[in-house]
Amino acid sequence: MTRLMLGRTLERICKAVLLLCLVHFVIMMILYFDVYSQRFDQIFSRFNNGRNASRSGHHYYYNLSRPNATYASYLATADQLLPTVRPEGNHTPPTTKPIPPCPEIPPGLVGRLLIEFASQMTMERVQKENPNVTEGGKYTPPDCRAKQKVAIIIPFRHRDNHLKYWLHYLHPILRRQKIDYGIYIITQLGEETFNRAKLLNVGYTEALKDAEYDCFIFSDVDLIPMDDRNLYHCYDQPRHFAIAMDKFGFRLPYAGYFGGVSGLSKKQFLKINGFPNEYWGWGGEDDDIYNRITLNGMKVVRPDVRIGRYRMIKHERDKHNEPNPQRFNKIQNTKNTMKRDGISTLTYRVLQFKKYPLYTNISVEIGKPPPRPFRG
């Protein structure tokens with residue numbers, strides 16, 4: 001009886017041990033398949049995605065849904081899991097989508113602008129307002145390809161306060177217009193008589209040394225456009241932009257007026273031999289330029305008077321920029337002087353070429369006017 005009881009007890013113990021072993025085996029199998037099921041998924045995913053990747057050209061482990069993931073980390077993971085695969089002979093690298101041309105009429109234009117000069121302006125403020133402008137006052141539209149590369153040239157001396165306002169207003173306007181541009185301030189050193197047209201010739205020459213421009217906008221620093229639909233690029237004919245200034249009652253003062261802000265392509269500029277170098281003091285050079293344009297078979301074009309409106313920053317006439325008493329006589333002789341007085345005979349000396357965050361400054365010596373003939 002005792003042996004029978006002992007035998008049954010041993011039998012129960014053996015069954016319990018076998019059951020425990022079976023449970024242990026089942027648990028191990030579950031853990032095994034749980035751990036390696038992901039590896040099987042990766043193998044099948046690698047097989048399927050690898051075929052798709054060879055067609056699309058994209059890396060099959062580049063998953064932006066993973067936080068803190070980088071393309072390099074995915075490449076490293078793939079290198080660990082996959083053997084080296086040689087690209088097929090007819091495989092072509094992926095091509096980037098070409099940037100479309102900028103629209104003729106940019107969609108972000110505002111139209112009529114409120115221009116005022118009462119608030120205080122600083123270069124620090126203007127720089128914060130224009131973080132996308134690069135060193136030297138350059139900007140390229142990031143979302144489209146501009147048809148022209150535009151150099152904006154400003155003749156300058158002792159107008160620092162005006163320059164702040166000009167930069168404050170013009171940088172945003174030019175960006176909205178989708179202009180690919182650079183801004184050049186041509187500073188006449190010394191206190192000799194001011195020569196606006198010669199400084200513009202210098203600006204044209206020096207800007208071309210800095211970049212390959214094909215359009216040139218020549219602007220006075222005290223003139224601000226009141227409408228951003230007045231697009232600052234070149235046209236089939238020389239362009240006069242500032243046709244309706246507030247100081248003239250928003251009217252064109254006379255038919256041949258070409259002052260304030262104008263634009264010529266490189267081809268147009270060279271056709272007229274640039275601007276005259278011999279207009280020392282205020283006045284006359286714009287009329288000479290207008291004569292050069294018409295004498296060379298071109299025509300001045302202008303925007304609508306409602307769009308070509310400008311505000312001028314009020315100021316006193318600069319010292320050493322008094323009216324040129326010889327201007328009327330010179331204007332009458334444009335036909336005789338334009339071939340021997342212009343960009344082809346320009347002389348000057350650059351003393352400083354410096355790029356600031358919002359513009360490029362070029363300080364030059366341009367000589368002094370010849371002595372006036374003695375009248376007995």
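Taking residue 131 as the residue in question, decide whether it is part of a loop (DSSP other than H, G, I, E, B) and within 23 Å of residue 105 (Cβ to Cβ).
no
Being loosely packed, with under 10 Cβ neighbours inside 10 Å and not in a helix (DSSP H, G or I) is the filter here; which residues of the stretch 117-128 pass it?
Once the filter is applied, which keeps residues that are loosely packed, with under 10 Cβ neighbours inside 10 Å and not in a helix (DSSP H, G or I), the stretch 117-128 yields 118, 119, 120.
Scan the stretch 144-184 for residues that are among the aliphatic types (A, V, I, L, M) and outside any loop (DSSP other than H, G, I, E, B) and jot them down.
Hits for the stretch 144-184 are 150, 151, 152, 153, 154, 163, 167, 170, 173, 174, 183.
Determine whether the stretch 267-280 contains at least one residue that is surrounded by fewer than 22 Cβ atoms within 10 Å (Cβ to Cβ) and either touching a Phe, Trp or Tyr at 6+ places or on another chain (Cβ under 6 Å) or not assigned by TED's automatic domain parsing to the domain that holds residue 177 (or both).
Scanning the stretch 267-280, I find no residue that is surrounded by fewer than 22 Cβ atoms within 10 Å (Cβ to Cβ) and either touching a Phe, Trp or Tyr at 6+ places or on another chain (Cβ under 6 Å) or not assigned by TED's automatic domain parsing to the domain that holds residue 177 (or both), so the answer is no.
Which count do you get for residues in the stretch 170-193 that are surrounded by fewer than 21 Cβ atoms within 10 Å (Cβ to Cβ) and more than 15 Å from the chain's Cα centre (by Cα)?
So the count comes out to 6.
Are any residues in the stretch 283-305 free of Cβ contacts under 8 Å to residues at least 40 places away in the same chain and over 32 Å from the mean Cα position of the chain (by Cα), and if so, which ones?
Selection gives 294, 296, 297.
So which of 258, 218 ends up being within 28 Å of the chain's Cα centre (by Cα) and part of a strand (DSSP E or B)?
Matching residue, one of 258, 218: 218.
Every residue, every condition in (1) outside the structural domain of residue 226 (by TED's automatic domain parsing); (2) at pLDDT below 95, yes or no:
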residue	(1), (2)
323	no, yes
342	no, no
346	no, no
352	no, no
356	no, no
375	yes, yes
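If residue 145 passes every condition in (1) in contact with a Leu (Cβ under 9 Å, 6 or more places away or on another chain); (2) under 24 Å from residue 108 (Cβ atoms) but one, which one does it miss?
Unmet condition: (1).
Going residue by residue through the stretch 229-248, is there one that turns out to be of a type in the set (Lys, Arg), surrounded by 23 or more Cβ atoms within 10 Å (Cβ to Cβ) and either in a strand (DSSP E or B) or in contact (Cβ under 8 Å) with a residue 40 or more places away in the chain (or both)?
yes
The values are calculated or read from the model by the stated rules, or taken from the named source; none is laboratory data. Quantities reported herein were computed from a predicted structural model and do not represent experimental measurements. Note that we place each Cβ from the backbone using ideal geometry, even for glycine, and neighbour counts take in every protein chain shown.
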